[in-house]
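**Q** My structure is below; once you've seen it, I'll send some questions.
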Amino acid sequence: MTELAIPAVTIGPLAPVLIVLGAAGLVLLLDLLPRPGGRELIATVALAGVVGALLATLMRWGKPGRAFNDMVVLDDFALFANVVICYAAALVVLLSIDYLRQKGPEAGEYYALLLFATSGMMLLAAAGDLVVLFLALELMSLSLYVLAGLFKRELASSEASMKYFVLGAFAASFLLYGIALIYGATATTNLDRIAATAAGRAHDPLLVIGLGLLLVGFGFKISSVPFHMWAPDVYQGAPTSVTALIATGSKAAAFAALIRVLVTALRGSQPDWTALLWIVAAVTMTVGNVVAIAQSNLKRLLAYSSIAHVGYMLIGVVAGGSAGPGAVLFYLLTYVFTTAGAFGVLTLCERARVEAVEVGDYAGLARRHPVLAAALGLFLLSLVGIPPLAGFVGKFYLFAAAVRAGYLWLAVIGVLNSAIAAYYYLRVVVFMYMREPDGVGATLVPSFAGGLALAIALVGIVLLGVIPAPFADLAQAAVAPLLR
Amino acid sequence: MRSLLTAVTFFPALGALALVFVPRSRAGVLKTAALLIALLVFALSLPLYFGFDGDSAGFQFEEERAWMPTLGVSYHVGIDGISMLLVLLTTFLTPLALASAWHAIEDRLKEFVVTVLVLETGMLGVFVSLDLFLFYVFWEAMLIPMYFIIGVWGGTNRVYAAVKFVLYTLAGSLLMLIAILAFYYRHGAATGTYTFDITTLARWVVAPGLAQNLMFLAFALAFAIKVPLFPFHTWLPDAHVEAPTAGSVILAGVLLKMGTYGFLRFCLPLFPDASLAFGPLVSALAVIGIVYGAWVSTVQPDVKKLVAYSSVSHLGFVMLGIFTLTQQGLVGGVIQMVNHGLSTGALFLMVGMMYERRHTRLITDFGGLWKVVPAFSAFFMVVVFSSLGLPGLNGFVGEFLILVGAFGVNPWLAAVATTGIVFAAVYLLWMYQRVIFGEVTHEENRALTDLSPREWAVLAPVVVLIVWIGVYPTAFTGKTEATLEALIAQVESKSGAPRVSVAVGAGPADPATMTPHAPVSGHPRSMPAPRTPLQ
């Protein structure tokens, strides 16, 4: 009898993901038990899972690991992305606790799905193989599709979920076909081996088409133009806490995966995808900002602003080198705090027992709830890019990377778009501070967990704005393993 | 004191933070505390004036601390002859602005005083920053407090004015950000040191050409919008008219000076060839602004709008003076910056006092006030004459020096600019005559009260300074002359850089002449031996 060769299995690099998945399983179990006041327990378990994953990530810093035959690569890049994703998930969990109680069904499956989505995001950032990338993408996406439709009785929620699912499945198929073509061209799906094989074959038609299809798939996930049409409807229809997760976590994970694929595997085709992404970045920023001006629904406005921010981040991807992706990672960190904070304020406000989502609902907010208005004001100013808040430093690093790489025109388009964006962000500030409500305005829903989330987000944007250097340097260092 | 500049800059913001914890209902406490904080900042800034060495051209009271070393950003502050006067102008005008709002602002008073104090920190930061990144942070940061001051406490059309102000200024300054980054990378590529430090960057000679011109234009656009230089002035009338009195005083008194300061601090030393090349264009625009501003002022029915357009006219003089690149023109420009802050600030204060009594600003609603409010009329007369440049008062000193400088460079432009003084007399005296002289045409005006003690206290210091600068300007110009002389020398030696390495001239960044008021901590400033021109 021959010896059975058992491949060495290391699950160390999977530790953060496994912690989150374990928490998800525990949540599902706890959901089965009869629970007097058990909803807090489920949320606490979910939060503990995410925080545990965060700690596990921080503990693994500087100790890269690979697992499953290089299919999962937990290098510093993945670790940084994990931190960003865990922050996003933690803030969303905190925001969900009271939001769900007020608005909709409090189901254990909400937290379970949230944790599944988070684990998908974390795996996506650490994917070293195209198949694992697709797996993780689907894990994340399917969980988000269901989460978007969680408010079963609301037409908007079901519509959002349907749109997200159909368009998402369509884009995923593009992605899969692109992966298949790349496999056809290089005979491997492992990113490092693709890099080696594709190095000298940049003009192989299979590879080029595969790259294009891949960009379509990713373009959908990050909601860049022209694959952005799902974003406003899904952001508007989905429960606000889910929107926060989609806007922050899924974007972070998708960008991390995109950067990893482009910078490692497809480094040889850099001129091609750089040129393509230049156009996509410019158009995305402009469309996002210009259409946002016309929005009166705050969730839609934030959706279009998210699209615009994707454009800014694509500038960093185009810039390349170590400065570009590093700036994107740092921007994702600041973006998580800002966006989670902005959506967080939305979860805490209601008008006439209905969610306050129109800009007009916030008229005169500064008088009744000055702290809340100040918080939303600060988040919006950070999105504009006013120093000394985090948004400014993030944009600064992005534009610096672009100028350094010689993409002056792209940087100019970026700053002009920032000026345009100021208009619609400031419009919300105008309503809060300079207008009076007709009838009763939005009121605050008291929530300790929500307030905690907002406080963390506020501290985050101020800290990252005033002392960005340690975090930005970490982001730059995190990109280094990709460039080897 | 080692950290005097940091203390002066950040004390208002710290004070504002403390005020956040005062309950909203204690209006008296808030007003008094805010005023005391502002006065304390002024007192703290006085050593900057008295301790300033007027013979030294370099930066004084310098402080430097690392902030983002990998990027080349440091917390580097310092003042020279130009910024010292502007810092004092800021700390002088802010308590006056707060005092003028004593009864004018009742709604949301707490937010108002906090915003004004935060704005003061932003303004001071702009003037003292010696690091491009730090400068940009303060430059952008002070947009939002001003936006709130106009938008929340302003007049009927305040939201439009505030949004226009922010968007206009933001567009210009964002383009400046690109130029800053471009300059930073070029400097780094040429010298090997990546830094935002202005003193280091000013030592590098950029080759004349398209790159320098574009960078100059980007900087110049941002500053031209701020000044405001014709034709980028259209935000100004709305912002000034709709802002509350305190806001207008700060806007006209200090914020507009940031534009001219920017030209002096950045455009001239960093882009000397482009400055010389575009000088005639800027001077022409300045003169157009002088005359256009004056003409439009003449036909204004609203006093506040008249004063707003007069700012365009006056700052046209400052820009003309700066771009003559002569000692007289520059000194005249700098002192006129201070003069304009004082006289136009005082004009807005007095317009505000009128408005508080009658709730109208239309000239036709007044008339014959000299009989009813003689003290007010007397102060108004002094301020009006200061604004139009009567010898003996401060306006004359600045305008005369500017015109002398301009005449030496371009007599025709100077001649047209001189007509601006005549037009200033037209609109100011005609306004004064219609408002103050003659018979009382409206019955409501008979019941007006004269200046209260608070209003005396607000106006008297300004008038004292107006007369002081007019009679003994050397107390102020003397502090700037060395710096401006060095600036001219720097521009002349850096422009048209020949292939021969030029010895490091006595620029404002010359370490040999810097008075060591603070030990300069380890800053990775590599010293390229002679300035090697970029080939």
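Read the figures in this text as sums done on the coordinates, not as results from a lab. The shown structure was predicted, so the numbers you read here are calculated from the model rather than taken from an experiment. All Cβ positions, glycine included, derive from the backbone under ideal geometry; neighbour counts span all protein chains shown.
**Q** If you build the Cα gyration tensor of the range A:12-483 and take the root of 5 times each eigenvalue, what three semi-axes come out, in whole angstrom, biggest first?
**A** 33, 26, 20
**Q** Give me B:His314, B:His103 ranked fewest to most by other Cβ atoms within 10 Å of their Cβ, as a rough exposure proxy.
**A** With the sparsest Cβ surroundings first, the list reads B:His103, B:His314.
**Q** Nearest 0.05, what FRET efficiency do B:Thr418 and B:Leu214 give at R0 = 41 Å with Cβ-Cβ as r?
**A** Plugging the Cβ-Cβ distance into 1/(1 + (r/R0)^6) gives 0.75.
**Q** While we're looking at this one, here's another question. Let me know the Kirkwood hydrodynamic radius for the protein assembly as shown, please, with Cα pairs as the basis and the value in Å to one decimal.
**A** 30.3 Å is the Kirkwood radius here.
**Q** Run the count for chain B, please: Lys pairs, Cα-Cα under 27 angstrom, 8 or more apart or on different chains.
**A** The number of close lysine pairs in chain B is 21.
**Q** Moving on to the next point. Suppose only helical runs count, i.e. DSSP H with n ≥ 4. What mean residue ellipticity at 222 nm does that imply for chain A under -39500 (n - 2.57) per run, divided by all residues and rounded to the nearest 500 deg cm²/dmol?
**A** Helices in chain A give a 222 nm mean residue ellipticity of -24500 deg cm²/dmol.
**Q** Still on this model: Just to confirm my numbers, what's the Cα centroid distance between the range B:75-151 and the range A:190-223 in Å?
**A** After rounding, the separation between the Cα centres reads 52 Å.
**Q** Of the options A:Gly237, A:Gly217, A:Thr264, report the single residue whose Cα projects farthest towards the positive end of the charge dipole of the range A:187-266 (beta-carbon charges: Lys, Arg +1; Asp, Glu -1).
**A** A:Thr264
**Q** Right, here's the next one. From the phi angles alone, apply the Karplus equation (6.51, -1.76, 1.60; θ = phi - 60°) to the range A:222-233 and give each ³J(HN,Hα) in whole Hz, x where the residue is Gly or Pro.
**A** Listing the rounded values in order: 8, 6, 9, 5, x, 10, 9, 5, 6, 4, x, 5 Hz.
**Q** Continuing with the same structure: Please give the net charge around A:Phe330, taking every other residue with its beta carbon less than 13 angstrom from that of A:Phe330, where Lys and Arg add +1 and Asp and Glu add -1.
**A** That sum, taken over residues with Cβ under 13 Å, equals 0.
**Q** For B:Ser3, B:Ser313, what's the fewest-to-most ordering of other Cβ within 10 Å of each Cβ?
**A** Lowest to highest Cβ neighbour count: B:Ser3, B:Ser313.
**Q** What is the count of Lys pairs in the range A:12-483 whose alpha carbons sit under 28 Å apart, if the two are 8 or more places apart or on different chains?
**A** 19
**Q** A further question on this structure: Can you give the helix-only mean residue ellipticity at 222 nm for chain B, where every DSSP H stretch with n ≥ 4 adds -39500 (n - 2.57) and the sum goes over all residues, rounded to the nearest 500 deg cm²/dmol?
**A** The helix contribution divided over chain B gives -22500 deg cm²/dmol.
**Q** What whole number of Å gives the distance from the Cα centroid of the range B:174-227 to the Cα centroid of the range A:23-73?
**A** One Cα centre to the other: 49 Å.
**Q** Could you list log10 I(q)/I(0) for the range A:180-287 at q = 0.14, 0.16 Å⁻¹, which the Debye formula gives when each Cα is one point scatterer?
**A** Scattering profile of the range A:180-287, log10 relative to I(0): -0.61, -0.75.
**Q** Moving on to the next point. As a footprinting exposure proxy, order B:Arg158, B:Arg2 by other Cβ within 10 Å, with the fewest listed first.
**A** Placing the least packed residue first, the sequence is B:Arg2, B:Arg158.
**Q** Now for a different question. Kirkwood Rh, the range B:179-237, all Cα pairs: how many Å?
**A** The answer is 12.8 Å.
**Q** Expressed in nm to one decimal, what extension gain is obtained for the pair A:Leu463 and A:Leu58 from 0.36 nm per residue of sequence separation less their Cα-Cα distance?
**A** Additional length available on full extension: 143.9 nm.
**Q** For the Cα atoms of chain A, what angle does the longest principal axis make with the long axis of helix A:270-292, in degrees from 0 to 90, nearest 10?
**A** 10 degrees
**Q** What are the residues whose amide H is under 5 Å from the amide H of B:Ala66, where those residues sit 5 or more places off or on another chain and H is modelled from the backbone?
**A** The answer is B:Tyr75.
**Q** If you put +1 on each Lys and Arg Cβ and -1 on each Asp and Glu Cβ, how big is the dipole of chain B around its Cα centre, in Debye rounded to 20?
**A** The dipole magnitude comes to about 520 debye.
**Q** What range in chain B is the longest one free of GluC sites (Glu not before Pro) that are in a loop by DSSP and have at most 11 other Cβ atoms within 10 angstrom?
**A** Looking at chain B, B:107-438 is the longest stretch - no exposed GluC sites (Glu not before Pro) with at most 11 other Cβ atoms within 10 Å.
**Q** Next question, about the same structure. Which whole-Hz couplings ³J(HN,Hα) result when phi for each residue of the range B:462-476 is put into the Karplus expression 6.51 cos²θ - 1.76 cosθ + 1.60, θ = phi - 60°, listed in order with x for Gly and Pro?
**A** 5, 5, 4, 5, 4, 6, 4, 5, x, 8, 10, x, 4, 4, 10
**Q** Tell me the angle of helix A:448-466 to the major Cα principal axis of chain A, expressed in degrees between 0 and 90 and rounded to the nearest ten.
**A** Compared with the principal axis, the helix lies near 60 degrees.
**Q** Another question, then. Can I get the semi-axes of the range A:311-389's equivalent ellipsoid? Compute them from the C-alpha gyration tensor as square roots of 5 times the eigenvalues, in angstrom, largest first.
**A** Over the Cα atoms of the range A:311-389, the ellipsoid semi-axes are 32, 12, 9 Å.
**Q** Now, a different point. Using only the C-alpha atoms of chain B, find the volume of their convex hull and express it per residue in Å³.
**A** 128 Å³
**Q** Quick one: Karplus J couplings for the range A:394-404, per residue in order, coefficients 6.51, -1.76, 1.60, θ = phi - 60°, nearest Hz, x for Gly and Pro?
**A** x, 5, 4, 4, 5, 5, 4, 4, 5, 5, 5
**Q** Also, I was wondering about something else. How big is the gap, in Å, between the Cα center of the range A:368-426 and the Cα center of the range A:442-472?
**A** Result: 17 Å between the Cα centres.
**Q** Using only the Cα atoms of the range A:281-419, what are the Rg and Dmax in Å?
**A** 15.8, 53
**Q** Once the Cα atoms of helix A:323-348 and of chain A are each reduced to a long axis, what angle between those two axes, in degrees from 0 to 90 to the nearest 10, is obtained?
**A** Here the helix axis deviates by roughly 30 degrees.
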